[in-house]
Amino acid sequence: MKPIKIFKVKGIEIKLLQVSRVYKPSTATRLIAENLPEMEGLNVLDLGTGSGVLAILSSKLGASRVVATDVSRRVLRTAEANLRLNNISNVELRLGSLYNPIQRGERFDVIISNPPMTPSPNPLPRYTWGGIDGRAVLDPVIKNAAHHLRDGGKLIVPAVSLVGIGETLRLMRETGFKVRVLDYTTCPFGSTLLRLRDYLKKLPNADYFYDQYGRPRWRIVLFEGVKI
């Protein structure tokens, strides 16, 4: 039996199997989780579900139905195991990239996504690589969200300063959303970003700062867009 870790948020405990090469809840994941609204009776779409933690939380917050997609069969097998571990029966897992598994005319009340946003000139693990500018997954999430939301539906998505927070805000407004900031935090550079620091300096939208100890840190802003 694989080890189990408990993810606690909003007074809710979620059991998650610890599986290598499956995206584990990150700072951005927790930021989303802490700001999810009550979902009583809502239909929810979780894009790039990974461990399934946000789909499970949505169910526990009262969602009547959750569709969770991921491009990896192996990841979905782990998510399926986590659903069983938490006695969740109203989450449907679908294989495919982003909105590809969603049927024509299928609409949701809430779309959640924590897309990979690490910019790198060379491929990284799929669950973290956002393409050469970090926006290869984030932009399609935003551009296509309105087609899959009911009027008044919400898109909840983070943006990191390494890919452009202002650029993300502009894109959300251009694609038909009334936008507000739900939350904000910062994170220190890990080993991958430290190696990429010279590359990040060349990106026009990348931004980071140094804390009082001289350590580079990046920002995360959590956006909520309401379809208008």
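The values are calculated or read from the model by the stated rules, or taken from the named source; none is laboratory data. Here the structure is a predicted model, which means the values were calculated and not measured. With ideal geometry, Cβ positions are generated from the backbone for all residues, glycine too; neighbour counts draw on all protein chains shown. When the accessible area is computed, the model is the full protein with side chains, heavy atoms only, and any ligands, DNA or RNA have been set aside. Shrake-Rupley method; radii C 1.70, N 1.55, O 1.52, S 1.80 Å.
Peptides 152-164, 23-35 ranked from most to least packed by the mean count of surrounding Cβ atoms within 10 Å: 152-164, 23-35. In this label model, R21 and E167 are separated by 3.0 nm, measuring between points 7 Å along each Cα→Cβ vector. The calculated pair-distance distribution of the stretch 110-166 uses every alpha carbon pair, bins of 5 angstrom beginning at 0, and gives 4, 20, 28, 21, 15, 8, 3, 1 percent. Relative contact order of the chain: 17 percent, from C-alpha pairs under 8 Å at least 6 residues apart in sequence. Across F189, F108, the residue with the most accessible area heads the list, and the full order at a 1.4 Å probe is F189, F108. Considering only Cα atoms, the convex hull volume of the stretch 6-118 works out to 97 Å³ per residue.
Averaged over its residues, the chain has an accessible area of 48 Å² per residue, based on protein heavy atoms and a 1.4 Å probe. When Rg and Dmax are taken over the Cα atoms of the chain, they come to 17.0, 52 Å. Distances between placed amide hydrogens fall under 5 Å for G153 paired with K227, all partners being 5 or more residues away or on another chain. On the chain, 49 percent of the accessible area sits on carbon and sulfur atoms, based on a 1.4 Å probe.
For the residue pairs K2/K60; K2/K24; K5/K154; K10/K143, the C-alpha atoms sit more than 26 angstrom apart in K5/K154; K10/K143. Evaluating 6.51 cos²θ - 1.76 cosθ + 1.60 at θ = phi - 60° for every residue in the stretch 169-177, the Karplus couplings come out as 4, 4, 5, 4, 5, 5, 9, x, 10 Hz, glycine and proline recorded as x. The alpha-carbon positions of the stretch 122-228 define a convex hull whose volume is 101 Å³ per residue. Treating cross-link reach as a plain straight distance, find the aspartates and glutamates whose alpha-carbon is under 13 Å from the alpha-carbon of K201, omitting any fewer than eight places away in the same chain. Candidates past the 8-residue exclusion: D133.
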